[in-house]
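Here is the structure we will look at, set down as structure tokens.
The values are calculated or read from the model by the stated rules, or taken from the named source; none is laboratory data. Every value quoted in this text rests on a predicted model; they were computed, and no experiment measured them. So basically every Cβ, Gly included, is an ideal-geometry build from the backbone, and we count neighbours across all protein chains shown.
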Amino acid sequence: MAVDAFVRINGELHAEGVRLTEIAEAVGTPVFVYSRNHFVDRYQQMEQALNGLDHRICYAVKANSNLGVLRCFQELGAGFDIVSGGELQRVLAAGGAAENVVFSGVGKSEADIDFALKLGVGCFNVESASELERLIRRARLLGVVAAVSLRVNPNVDPGTHPYISTGLKQNKFGIPAAAARQVYRRAANAPELRIVGVDCHIGSQISRMEPYLDALDRLLELIDDLNEDGIEIEHIDLGGGMGVTYTDETPFNMAAYGAALSRRLGNRHETVVLEPGRFLVANGGILLTRVEYLKPGFDASYLNFAIVDAAMNDLIRPALYQAQHPVQSVLESQAEVQLWDIVGPVCESGDFLAKERSLALEENALLAIGAAGAYGMVQSSNYNSRGRAAEVLVDGKSFTVVRVRETVRDQLRLELPRE
């Protein structure tokens, strides 16, 4: 049975067994609040769905890179999918091992490649012929052999927002399927490389499994061609991007996906690698914010604005992707229910967290912006010189501050002093 991370008890919204008002009083707002038990439950759902396959789950660090969250998945036995040297350092700081890391990303720098080579990351997901040549040069210079997989662009439409579609030929990611065999031959002739896998990632927030199965079929055709060339593949990496529910989306059916993969791959020797991020953490987090001002419309032609202390610098998804996040009051109110736009204090008309939500609001009320466990804090900024929010991890009836609130002094510390 799925864990419901945020529940209303006696009229008050809780994170697991902790009152959100208690967190707000202790830590202040805005603050991201995460449910550890939700993360564990989602990970175990994936493990159960893939039970019939030789598989490996590599958590996509880009979704939520807080060290407390990474430690949670490390303790569960996950590997990690990273896209930068900074994310690799975070994995190490959380107790992860380099050999359990898959290094993805379309623009790896020499410094990041060298760092990963010296540590011995489990696999580089190479995204272009140029990157392959750079990796060969750096591995030769350092006297090491790099384990590689080519990220193949299968030209499969995932049916998602164009900003998070990554598997079409017009996307910047991966090597075109038609060119992949030739690039694999080059890799096979390089003594600095050891070919271990084939990789693809077609997009994010995908609700149906059919695009994944289409991509898999194209990868299997490629693997058959590679076998003819004497190139053996150890793992098939199908990426992540499984969708979650923000408002009324159909959640991705992981159990059905696991069963379909078992039917297609059950008699093969390759290990299946998945790189979930959002699927594991999105619905396990909220952004807790307080209403600073209510600004009712002058008449019916004007909008009602609830101005809160969180802003687009904290959660940019609504402005960037037109994302719809659920919003609810932490405490029940006797105020009149009206349509409100939930907006922040940043000096941009695009600074909104939600629009036209039916809510009973009062000034100083606490609001919970739901499904904020993924691509919230990791995409936050200091726009308007605002300090980034605190982060809290709840476990049962207790909570831990896993990132303290950023101050202006923290921001100024990195800037050159005036002469």
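Numbers below:
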quantity: Residue within the stretch 144-158 that is within 19 Å of the chain's Cα centre (by Cα) and assigned to a loop (DSSP other than H, G, I, E, B) present; calculated: yes
quantity: Qualifying residue in the stretch 36-56 (condition: part of a strand (DSSP E or B) and under 17 Å from Glu275 (Cα atoms)); calculated: yes
quantity: Per-region count, the stretch 221-238, residues of a type outside the set (Val, Ile, Thr), surrounded by fewer than 19 Cβ atoms within 10 Å (Cβ to Cβ) and touching a residue at least 40 places away in the same chain (Cβ under 8 Å); calculated: 3
quantity: Filter result (touching a residue at least 60 places away in the same chain (Cβ under 8 Å) and surrounded by fewer than 19 Cβ atoms within 10 Å (Cβ to Cβ)) within the stretch 204-217; calculated: Asp214
quantity: Some residue of the stretch 175-193 being outside any helix (DSSP H, G or I), under 24 Å from the mean Cα position of the chain (by Cα) and under 16 Å from Val148 (Cα atoms); calculated: yes
quantity: In the stretch 371-385, the residues that are aliphatic (A, V, I, L, M) and surrounded by fewer than 19 Cβ atoms within 10 Å (Cβ to Cβ); calculated: Val378
quantity: Glu16, sole failed condition from (1) among the acidic types (Asp, Glu); (2) within 27 Å of Gly387 (Cβ to Cβ); (3) free of Cβ contacts under 8 Å to residues at least 60 places away in the same chain; calculated: (3)
quantity: Qualifying positions in the stretch 5-24 - touching a strand residue (DSSP E or B) at 6+ places or on another chain (Cβ under 9 Å) and outside any strand (DSSP E or B); calculated: Ala5, Gly11, Glu16, Gly17, Leu20, Thr21, Glu22, Ile23, Ala24
quantity: Val102 surrounded by 16 or more Cβ atoms within 10 Å (Cβ to Cβ), modelled with pLDDT of 95 or more, more than 21 Å from Gly373 (Cβ to Cβ) and touching a strand residue (DSSP E or B) at 6+ places or on another chain (Cβ under 6 Å); calculated: yes
quantity: Scope the stretch 185-237; condition small (Gly, Ala, Ser) and at positive phi; matching residues; calculated: Gly203, Gly230
quantity: Residue within the stretch 33-50 that is more than 20 Å from Asp395 (Cα to Cα) and either more than 22 Å from the chain's Cα centre (by Cα) or free of Cβ contacts under 8 Å to residues at least 12 places away in the same chain (or both) present; calculated: yes
quantity: Checking Gly396 against (1) surrounded by 15 or more Cβ atoms within 10 Å (Cβ to Cβ); (2) within 26 Å of Thr21 (Cβ to Cβ), the condition it does not meet; calculated: (1)
quantity: Verdict on Gly344 being in contact (Cβ under 8 Å) with a residue 60 or more places away in the chain and outside the structural domain of Tyr59 (by TED's automatic domain parsing); calculated: no
quantity: Test: residue in the stretch 194-205 that is charged (D, E, K, R) and farther than 14 Å from Val152 by Cα; calculated: yes
quantity: Looking only at the stretch 350-370, and only at residues there that are farther than 19 Å from Thr247 by Cβ, touching a residue at least 60 places away in the same chain (Cβ under 8 Å) and not charged (D, E, K, R), the one that is surrounded by the fewest Cβ atoms within 10 Å (Cβ to Cβ); calculated: Asn364
quantity: Strands (runs of 3 or more DSSP E) enclosed by the stretch 239-324 - at least 1 residues per element that are surrounded by fewer than 24 Cβ atoms within 10 Å (Cβ to Cβ) and assigned by TED's automatic domain parsing to the domain that holds Val392; calculated: 285-295, 305-308
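Conditions tested, residue by residue: (1) more than 29 Å from Arg263 (Cα to Cα); (2) in contact with a Leu (Cβ under 6 Å, 6 or more places away or on another chain); (3) crowded, with 22+ Cβ neighbours inside 10 Å; (4) not assigned by TED's automatic domain parsing to the domain that holds Phe124.
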{"site": "Ala26", "(1), (2), (3), (4)": "yes, no, no, yes"}
{"site": "Val40", "(1), (2), (3), (4)": "no, no, no, no"}
{"site": "Gln44", "(1), (2), (3), (4)": "no, no, no, no"}
{"site": "Asp54", "(1), (2), (3), (4)": "no, no, no, no"}
{"site": "Cys58", "(1), (2), (3), (4)": "no, no, yes, no"}
{"site": "Ala63", "(1), (2), (3), (4)": "yes, no, yes, no"}
{"site": "Asn66", "(1), (2), (3), (4)": "yes, no, yes, no"}
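Each row is one residue, and each column tells you yes or no for (1) outside the structural domain of Thr245 (by TED's automatic domain parsing); (2) within 19 Å of Gly240 (Cβ to Cβ); (3) in contact with a strand residue (DSSP E or B) (Cβ under 9 Å, 6 or more places away or on another chain).
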site	(1), (2), (3)
Pro191	no, no, no
Ile195	no, no, yes
Ile202	no, yes, yes
Arg208	no, yes, no
